[in-house]
Amino acid sequence: MATVDDLQFEEFGDTTTSLAANPDATTISIEDPGETPKHKPGPLRGLGREEDDELLGNDDSDKTELLAGQKKSSPFWTFEYYQTFFDVDTHQVFDRIKGSLLPIPGKNFVRLYVRSNPDLYGPFWICATLVFAIAISGNLSNFLIHLGEKTYHYVPEFRKVSIAATIIYAYAWLVPLALWGFLVWRNSKVMNIVSYSFLEIVCVYGYSLFIYIPTAILWIIPQKAVRWVLVMIALAISGSVLAMTFWPAVREDNRRIALATIVTIVLLHMLLSVGCLAYFFDAPEMDHLLTSTAAPNQTVVAAKSS
Amino acid sequence: MLKRVLSCHNSPHVFAGLSDISISQDIPVEGEITIPVRSRVREFDSSTLNESVQNTIMRDLKAVGKKFMHVLYPRKSNTLLRDWDLWGPLILCVTLALMLQRGSVDSEKDGGPQFAEVFVIVWFGAVTITLNSKLLGGNISFFQSLCVLGYCILPLTMAMLVCRLVLLAEPGPVNFMVRLFVVIIMFAWSIVASTAFLADSQPPNRKALAVYPVFLFYFVISWMILTFTPQ
């Protein structure tokens, strides 16, 4: 039973002295979050990379891990379970969008912005906006390209919305699923230090698609060179966000597999943007060719009727 | 008037103290029991089944019309939220879809939306926005939110009517400018009206997150109205 003496607070002194007294005792040292714990032994020192210290040794991230673990406790058939995925404020969403637009080399998007609070708001509504942006811009650009042609009757191609929705939502959900499965499989073979949950991967992919919204709107400009420059810029930005996010997750793996993973991620991203450009936006030169080879009397007819 | 006859048997071994209170069997106790009723109860008492059909329809139509007025002159009032109904949204959605659909005799080339597509976009869009608002932690009920979103399509339906009338005139850039102007005004009106009703139900640090999908929803409907081309 506890006596009065046992209930008094005791001073335990410095960790070094207690370690000297009892070498087998485990001590926990809690430092200020500003210091990185450079004196921790282990495989981290061998690699000597600062990123890992930032990723793992930070006390702040431990706290958020603990808090995150307490959050999701409702069973999956209740409404509250899904509410945990929408537990973001306006400024947090803006910060994440900003993080996807300005990839800082060395900073991991997931660690910096998502921080164990993956949300589904961003991915879902960014994809929805992108679907409508692509469909509307595609229609607008076709309209502007064919403007002035008397033979062209403008139709709002509504079925393009459904096709765009299928493509983009499939990309935003199936590719993360495949990537997550691949990472889990590699994790079972090679012990990776950094591993992401499925929702964090969905989050990264969703926010990385944000750059394509202004790109799609700018694709209305019917110049092929402009469009390809835009593709390159958008691919560079979102590709680098994805590459920097997933590089720590595959780094410990076989060099070739790691490189192949990153290249595949970027390649799929490029495929998406180029595919959307090719399918939804008519090529401008082809139609200029058509109008120039047609007789000039067409423009005369157009001038007469207007 | 109610008549009750009371008879009570004297059981001295159970109710010893009551032995001197006995009511003989042949003396009926009768009287009148009236409950003071308020006049309102008598209305429900007759139940709306007995009223004429005209009464029923006029009452519902008046409720719908009153809500239309609330949408057209949006003030911060709870009428739309308190007595929600989905008649107004249904009427508006059907009207809009009928006016937006392409004719069935057209060939494959005309890519305008079908009736079903417009209907699905409006209703699934409203359901998605409502779910989003509830998931973000808003304290509005599901049908209240559907009601508000459906009623606030009214300005855009009016814009559709105006556009169809304007399209009867000869086509040209002036025609397009007029339609663009009308659609933009009505789009802004819809957003203002729905935000006036919906914004209060969200916690303050998530208002923008809840309002943005509403913006997207009405933008898509406005786009469909603006790009409508007659055959």
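Read the figures in this text as sums done on the coordinates, not as results from a lab. Please read these numbers as outputs of a predicted model, since none were measured by experiment. Every residue, glycine as well, gets a Cβ built from its backbone with ideal geometry; the counts of neighbours run over all protein chains shown.
Tabulated data for the structure shown
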read-out	value
Fewest-first ranking of B:70, A:269, A:146, using other Cβ atoms within 10 Å as the exposure measure	A:146, B:70, A:269
Point-to-point label distance, residue A:279-residue A:267, nm (Cα→Cβ direction, 7 Å offset)	2.0 nm
³J(HN,Hα), Karplus 6.51/-1.76/1.60, whole Hz, each residue of the stretch B:182-188, x for Gly, Pro	4, 5, 5, 4, 5, 4, 4
For the stretch A:104-113, Karplus couplings with θ = phi - 60° (6.51, -1.76, 1.60), whole Hz, Gly/Pro x	8, x, x, 9, 8, 4, 5, 5, 6, 10
Whole-Hz ³J(HN,Hα) from phi, Karplus 6.51 cos²θ - 1.76 cosθ + 1.60, for the stretch A:225-240, glycine and proline x	4, 4, 5, 6, 5, 4, 4, 4, 5, 5, 5, 4, 5, 6, x, 5
Cα Rg over Rh - the stretch A:83-281, Kirkwood	1.02
Fewest-first ranking of A:169, A:207, using other Cβ atoms within 10 Å as the exposure measure	A:169, A:207
Sorted by Cβ density within 10 Å, fewest first, the residues A:200, B:170, B:30, A:149	B:170, B:30, A:149, A:200
Amide proton proximity set for residue A:196, modelled H, under 5 Å, gap of 5+	none
Listed pairs A:160/B:67; A:160/B:62; A:160/A:189; B:67/B:134; A:98/A:224 exceeding 32 Å between Cα atoms	A:160/B:67; A:160/B:62; A:160/A:189
Amide H partners (placed H, <5 Å) of residue A:282, local residues excluded	A:142
Computed Rg/Rh of the stretch A:112-225, alpha carbon atoms with Kirkwood Rh	1.14
